[in-house]
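K.L.:
Handing you a structure now.
The values are calculated or read from the model by the stated rules, or taken from the named source; none is laboratory data. None of the values given here were measured: they were computed from a predicted structure. Cβ sites come from the backbone with ideal geometry, for glycine too, and all protein chains shown count toward neighbours.
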Amino acid sequence: MGLIEEMAARSEELAQKWADLILGTYPVETQAVWRNNRDQFSNPVGHSILTATSELIPLLLSWNDAEAVAKALDKLVKIRAVQDFSPSQALSFVFVLKKLLRQEFVAQLSSKGELEELMRFETRVDNLAVIAFDLYVASRDQIARMRVEEVKRAHTNIVRRANLMKADVAAHKAD
Amino acid sequence: MKAIFSLLMVLALVVIATVGAGAAKMQTIFAYCIPGTAFVIFLVGFVCKIISWAKSPVPFRIPTTGGQQQSLDWIPQNKWDNPSTGPQTFMRMVLEVLTFRSLFRNTKVVLKHDDGKNPIVAYVSAKWLWLFAILFHYGFLIVAVRHLRLFLQPVPAPLAFLDWSDSVLQILTPAIYISDLLLLTGLTMLLARRFIDAKVRYISLVNDYFPLFLILAIALSGVYMRYIVKVDVMSIKDVAMGLATFNFKVPAGVDVSFFVHIFLVSTLLVYFPFSKLMHMGGVFLSPTRNMPNDTRMVHYENVWNNPAIKPHSYEAYEDDFREPMFEAGLPLDKSPEDAA
Amino acid sequence: MAKIIKPDEMLKSINYAPPATDWMDLPNDLSPGRWAYPAKLEKVEYLMHEVPGVFGNPRTWNPADPDWQLPSNWKEIVVNGFRERLDKYRSLKLFMDICVRCGACADKCHYFIGSGDPKNMPVLRAELMRSIYRGEFTLAGKILGKLTGARVMEEDVLKEWFLYFYQCTECRRCSLFCPYGIDTAEVTMMARELLHLVGVNINWILEPVANCTRTGNHLGIQPHAFKDIVEFMVDDIETITGKRLNVPLNEKGHEVLFITPSGDVFADPGIYTFMGYLIMFDAIGLDYTLSTYASEGGNFGLFTHSDMMKAINGKMYSEANRLGAKWILGGECGHMWRVVNQYMDTMNGNLQGPQMQTPVNPITGTVFKNAAQTKMVHIAEFTADLIKHGKLNLDKSRNSDIIATWHDSCNTARAMGMFDEPRYVLNSVVDNFHEMPESTIREQTFCCAGGSGLNTDEIMEIRMRGGLPRGNALKHVVDKHGVNTMACVCAIDRATLIPLADYWAPGVKITGLHELVGNAIILDGEEERTMNLRQEPLPGMEEE
């Protein structure tokens, strides 16, 4: 059985293990809470992590739908973009997948002399990281834009009046 | 760490009682002096604490509203969760105190899948905490009330009936009490929850573990006395009656486990007024629960309301902006000429 | 910005689970983005003059600096202030004593759900203060110290209070689930009062409070400018409906004084809600006036100190008296209604003039018995009554492109209990309405994460993670029912839910309730409408 086939067979288990590694990037107390509670509404973060990993593993295997990959990634990136993470920490969740794959498959593949297969697969993970980077920056841009827009909205009518004043002054000069 | 410390404290108490009443023969002290003093401390402490709370006024009516308010006649009010009268508030409190309604509210949402594997939202309640709390509190209440028969001669009929119905299962000799099972199950579950649930473990203090271990030790020593050593209840009743009637006789033929039991109970009594266990009294005073949501309907007085605090006056406002207001054609109390 | 860490540190943080640290030993992270900007010196000075004894230590300072320039006796001020409040508020004293740390509240806070930061669990937030209570005021705490969860007041504790009592929106969701009704909002209010005494504050709250005191509204808009702005909206209504409305300002002798949060006057999309009010008042011929002096329904004083709240709130009755209004109609606002419902009459009832009467709807004759004492009616109650009696001529089809859901605001939900009135109004003006999941609405509603004066842009990340539970529930109905509009009765919501929806559930428009009412109302003598109040084409008019 090749790497892809084996991953496909163990897809659920791998998704779970990857999610556990991602949870490991949070403080211990937080992990414990988020691990135990899989509810979409009372624990959206824990739920999103598991949903994202479950969706991404099959997508990585088929590797033919960039849009679907981006959509699945976005769920997680958006959350991590507003948590107290540095950019590197925020995106580290992609790279822990490499760690997982090595843990799970290196011994077995190297004994069969098929390590190359894993290395080939890892380029997909690297690509995943690049997509995640785009999404992360887009989220951060959005936050910055929302700040500016919020201030503008708060002053909509004030700005309108300020413009009116300018018009008045201009009219006065014309006289 | 905090749990181990608490456990050690309770074990130390057991040792003190065993050594004190057993080896050191200070049975009179352990039978009368300590429980008597503890009871007095409990009573005085409890009353003092309630008085100290009651001394602080309630400046504002701040009920947490848990349902539809009383408003237009055709909109049904949720009278128990958002009461607007005294009797409705009383009902809210009754439900809160007797059925732990707020804990019962604890629900969580889960995503399930229907037959076609489409996700559907389902609601399951997270009622474990409520269940453990109910088991423990009612178990404890019945056990405590049942013990009154040791202090009363003759035993009043309702107490005898309680005792009979509590042991109605008729298994083992002496017959096992249902309330013992409730109490022990509730306690164990509450304790286990503190260990297992990560977030509860994180917030738990010695103040949380100690009373749990203490009550557990009390219950276990009681169970040990009744079911294992099978102590002579009549001689214990002599001691209890002696305590109640101030007729102190040297205890005779009483197993040392009794002294451990009564010493732990004394500790609980002393500890009670100075601890979180005072929630027993406090729940009745909680302003977010025991007040009607009615301050738009009737006046409520704040005893320290300071009438000297006045809003920035309209006069000062008009003085500030009279010219532009006049120019904009806004009505004025004083025209610019009058003000000048 | 988050600090840049070295790759090896990062790997460590991934591979190595740090040891469980007791919360008291966790250091404060005061990096920018974790706190809102402190108040400007002159705002603090102005307020110290207006309401003495509430604010202190005016200075220019930066929370990221190690030295917060506290007064030398700050500890004494805080501890004495704490003691004073224990004697003034039974709630505080009780809540310090009776918590059993059962954990029922722990996962109920939107900030905890979104951030996972243990200090955002309501029980631990209160414990930040409770630990000081034990350490400073109880014998056991003084003797046994940390074992019993006690500690004494230190500068780091003060900083921790600043971080975490400004990550509580006083939404009271935790209080609902507490078996003893312990209300973190109450604890947060007390902590903030203490922080104000030593000059630890945020500008986003104090500037509106100062502005509101002097000019009558949060943005500090002066009366003549206020009048111009109202005129703009009258112009816009004329553009949309072809009818020019008369809007009285500061006029004496009207039956009703109408007060709404100033956000409705200045900020998009509140302005459309404001236009909705004006259209409805015209439709029923209400005898009302607005006031520039009392042009702010919201009361940021609530987020500082009870005295400050009282001073700001007093304007409502004073102005009703000066103008001879019989009762006050209140606009769509959240915390304004917490103040009106739970504090107003208690604080300022003595200011009510003899002309004030139990509110009666002049159109339907309905007596608002539930407002007999405050003489103040919520506009959703008022409108629901009008619609029930068939007094509004409504064309629902103008809102037919809207698939709506309803966001209950924390304060009208858990400090008032107004649920069915706005829903009745909403259902009367839109065809398609879907509720969000049960545990996220009504009394269990999730906060917009910008309440209690935290709706400022410098803490956008905190707001977004706190907004995750609401956004997540919203996303659910977007996916399931195609919801495209979330309506609410709160001016802060109308500002904060926009970025929240933008981030977590893109494509959802935020509106006030009366924007939708204004769209649906058919005015006497209006022209056929082709656009809604936002001047977007009405359904069926798009091609023009």
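K.L.:
I need the full set of residues from segment C:89-110 which are over 25 Å from the mean Cα position of the chain (by Cα) and more than 16 Å from residue B:64 (Cβ to Cβ), in order please.
P.N.:
Those that are over 25 Å from the mean Cα position of the chain (by Cα) and more than 16 Å from residue B:64 (Cβ to Cβ): C:93, C:96, C:97, C:100, C:101, C:102, C:103.
K.L.:
Provide a single number: the residues in segment B:300-322 that are among the charged types (D, E, K, R) and more than 9 Å from every other protein chain (Cβ to nearest Cβ).
P.N.:
Matching residues across segment B:300-322 total 3.
Listed here are the residues, each with its yes/no results for (1) in contact with a strand residue (DSSP E or B) (Cβ under 9 Å, 6 or more places away or on another chain); (2) within 11 Å of another protein chain (Cβ to nearest Cβ); (3) small (Gly, Ala, Ser).
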site: C:102; (1), (2), (3): no, yes, no
site: C:108; (1), (2), (3): no, yes, no
site: C:116; (1), (2), (3): no, yes, yes
site: C:124; (1), (2), (3): no, yes, no
site: C:129; (1), (2), (3): no, no, no
site: C:147; (1), (2), (3): no, yes, no
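K.L.:
Still on this model: Need the failing condition index for residue C:259 against (1) more than 14 Å from every other protein chain (Cβ to nearest Cβ); (2) touching a strand residue (DSSP E or B) at 6+ places or on another chain (Cβ under 7 Å); (3) buried (at least 22 other Cβ atoms within 10 Å of the Cβ); (4) over 15 Å from residue C:519 (Cα atoms), just the number.
P.N.:
(1)
K.L.:
Could you check residue C:309 against (1) more than 11 Å from chain B (Cβ to nearest Cβ); (2) more than 20 Å from residue C:489 (Cα to Cα); (3) surrounded by 23 or more Cβ atoms within 10 Å (Cβ to Cβ) and say which number it fails?
P.N.:
(1)
K.L.:
Still on this structure: With respect to the numbered conditions (1) under 22 Å from residue C:338 (Cβ atoms); (2) touching a residue at least 40 places away in the same chain (Cβ under 8 Å), which one is the sole condition not fulfilled by residue B:54?
P.N.:
Status for residue B:54: all satisfied but (1).
K.L.:
List the number of the failed condition for residue C:216; all other conditions in (1) facing another protein chain (nearest Cβ under 10 Å); (2) touching a helix residue (DSSP H, G or I) at 6+ places or on another chain (Cβ under 8 Å); (3) modelled with pLDDT of 95 or more hold.
P.N.:
Here residue C:216 clears every test but (3).
K.L.:
Report whether or not residue C:475 is at pLDDT below 95 and either part of a loop (DSSP other than H, G, I, E, B) or within 14 Å of chain B (Cβ to nearest Cβ) (or both).
P.N.:
So residue C:475 fits the description; yes.
K.L.:
Let me confirm something: among C:253, C:270, which residue is over 30 Å from residue C:53 (Cα atoms) and either in contact with a Lys or Arg (Cβ under 7 Å, 6 or more places away or on another chain) or free of Cβ contacts under 8 Å to residues at least 60 places away in the same chain (or both)?
P.N.:
The conditions single out C:270.
Residues are listed down the side, and each one gets a yes or a no for (1) touching an Asp or Glu at 6+ places or on another chain (Cβ under 6 Å); (2) within 7 Å of chain C (Cβ to nearest Cβ); (3) closer than 25 Å to residue C:423 by Cα; (4) crowded, with 16+ Cβ neighbours inside 10 Å:
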position: B:65; (1), (2), (3), (4): no, yes, yes, yes
position: B:83; (1), (2), (3), (4): no, no, yes, yes
position: B:96; (1), (2), (3), (4): no, no, no, yes
position: B:101; (1), (2), (3), (4): no, no, no, yes
position: B:104; (1), (2), (3), (4): no, no, no, yes
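K.L.:
Taking segment B:239-278 on its own, how many of its residues are assigned to a helix (DSSP H, G or I), surrounded by fewer than 19 Cβ atoms within 10 Å (Cβ to Cβ) and free of Cβ contacts under 8 Å to residues at least 40 places away in the same chain?
P.N.:
The qualifying residues number 1.
K.L.:
May I pose another question? For segment A:47-54, check the following and say yes or no: at least one residue is within 10 Å of the chain's Cα centre (by Cα), within 13 Å of another protein chain (Cβ to nearest Cβ) and without any contact (Cβ under 8 Å) to a residue 24 or more places away in the chain.
P.N.:
Checking segment A:47-54: not a single residue is within 10 Å of the chain's Cα centre (by Cα), within 13 Å of another protein chain (Cβ to nearest Cβ) and without any contact (Cβ under 8 Å) to a residue 24 or more places away in the chain.
K.L.:
Moving on. Can you find a residue in segment C:220-231 that is in contact with a helix residue (DSSP H, G or I) (Cβ under 7 Å, 6 or more places away or on another chain), within 22 Å of residue B:326 (Cα to Cα), modelled with pLDDT under 95 and more than 14 Å from chain B (Cβ to nearest Cβ)?
P.N.:
No: segment C:220-231 contains no residue that is in contact with a helix residue (DSSP H, G or I) (Cβ under 7 Å, 6 or more places away or on another chain), within 22 Å of residue B:326 (Cα to Cα), modelled with pLDDT under 95 and more than 14 Å from chain B (Cβ to nearest Cβ).
K.L.:
Working only within segment C:324-343, note down all residues that are more than 8 Å from chain B (Cβ to nearest Cβ) and either touching a Phe, Trp or Tyr at 6+ places or on another chain (Cβ under 9 Å) or closer than 16 Å to residue B:72 by Cα (or both).
P.N.:
Within segment C:324-343, C:325, C:327, C:328, C:329, C:330, C:331, C:332, C:335 meet the criteria.
K.L.:
Going by the structure shown, is residue C:356 of a type outside the set (Val, Ile, Thr), more than 12 Å from every other protein chain (Cβ to nearest Cβ) and in a loop (DSSP other than H, G, I, E, B)?
P.N.:
Against the criterion (of a type outside the set (Val, Ile, Thr), more than 12 Å from every other protein chain (Cβ to nearest Cβ) and in a loop (DSSP other than H, G, I, E, B)), residue C:356 qualifies.
K.L.:
Quick test of your reading of the structure: residue C:356 fulfils all but one of (1) surrounded by fewer than 22 Cβ atoms within 10 Å (Cβ to Cβ); (2) farther than 27 Å from residue C:299 by Cα; (3) of a type in the set (A, V, I, L, M, F, W, C). Name the failing condition by number.
P.N.:
Here residue C:356 meets the rest and fails (2).
K.L.:
Still on this structure, please answer the following. When you check residue C:211 against the structure, is it in a loop (DSSP other than H, G, I, E, B), within 14 Å of chain B (Cβ to nearest Cβ) and closer than 30 Å to residue B:329 by Cβ, yes or no?
P.N.:
No: the conditions fail for residue C:211.
K.L.:
Additional query: Checking the condition at pLDDT 95 or above, buried (at least 22 other Cβ atoms within 10 Å of the Cβ) and basic (Lys, Arg), which residue from C:414, C:465 passes?
P.N.:
One residue alone meets the criteria, C:414.
K.L.:
With C:51, C:79, C:44 as the choices, which residue is more than 14 Å from chain A (Cβ to nearest Cβ), closer than 30 Å to residue B:204 by Cα and touching a residue at least 12 places away in the same chain (Cβ under 8 Å)?
P.N.:
Going through C:51, C:79, C:44 in turn, just one is more than 14 Å from chain A (Cβ to nearest Cβ), closer than 30 Å to residue B:204 by Cα and touching a residue at least 12 places away in the same chain (Cβ under 8 Å): C:79.
K.L.:
While we're here: Tell me which residues, restricted to segment B:46-73, are under 21 Å from residue C:92 (Cβ atoms) and of a type in the set (Gly, Ala, Ser).
P.N.:
Correct list: B:52, B:54, B:56.
K.L.:
Quick test for you: out of B:294, B:255, pick the one residue that is farther than 30 Å from residue C:344 by Cα and among the acidic types (Asp, Glu).
P.N.:
B:255
K.L.:
Can you confirm whether residue C:529 is within 22 Å of residue C:408 (Cα to Cα), of a type in the set (D, E, K, R) and touching a residue at least 60 places away in the same chain (Cβ under 8 Å)?
P.N.:
In short, no.
K.L.:
Additional query: Under 23 Å from residue C:186 (Cα atoms), basic (Lys, Arg) and either without any contact (Cβ under 8 Å) to a residue 12 or more places away in the chain or not assigned by TED's automatic domain parsing to the domain that holds residue B:96 (or both), is that true of residue B:322?
P.N.:
Against the criterion (under 23 Å from residue C:186 (Cα atoms), basic (Lys, Arg) and either without any contact (Cβ under 8 Å) to a residue 12 or more places away in the chain or not assigned by TED's automatic domain parsing to the domain that holds residue B:96 (or both)), residue B:322 does not qualify.
K.L.:
Please verify whether segment B:85-95 includes one or more residues that are over 25 Å from the mean Cα position of the chain (by Cα) and in the same structural domain as residue B:129 (by TED's automatic domain parsing).
P.N.:
Looking for residues that are over 25 Å from the mean Cα position of the chain (by Cα) and in the same structural domain as residue B:129 (by TED's automatic domain parsing), one finds none in segment B:85-95, hence no.
K.L.:
So if I check each of C:143, C:132, which one is among the hydrophobic types (A, V, I, L, M, F, W, C), outside the structural domain of residue C:449 (by TED's automatic domain parsing), part of a helix (DSSP H, G or I) and modelled with pLDDT of 95 or more?
P.N.:
C:132
K.L.:
Take the residues of segment C:82-105 that are among the charged types (D, E, K, R) and in contact (Cβ under 8 Å) with a residue 12 or more places away in the chain: which is nearest to residue C:155 (Cα to Cα)?
P.N.:
Per the stated criteria, the residue is C:83.
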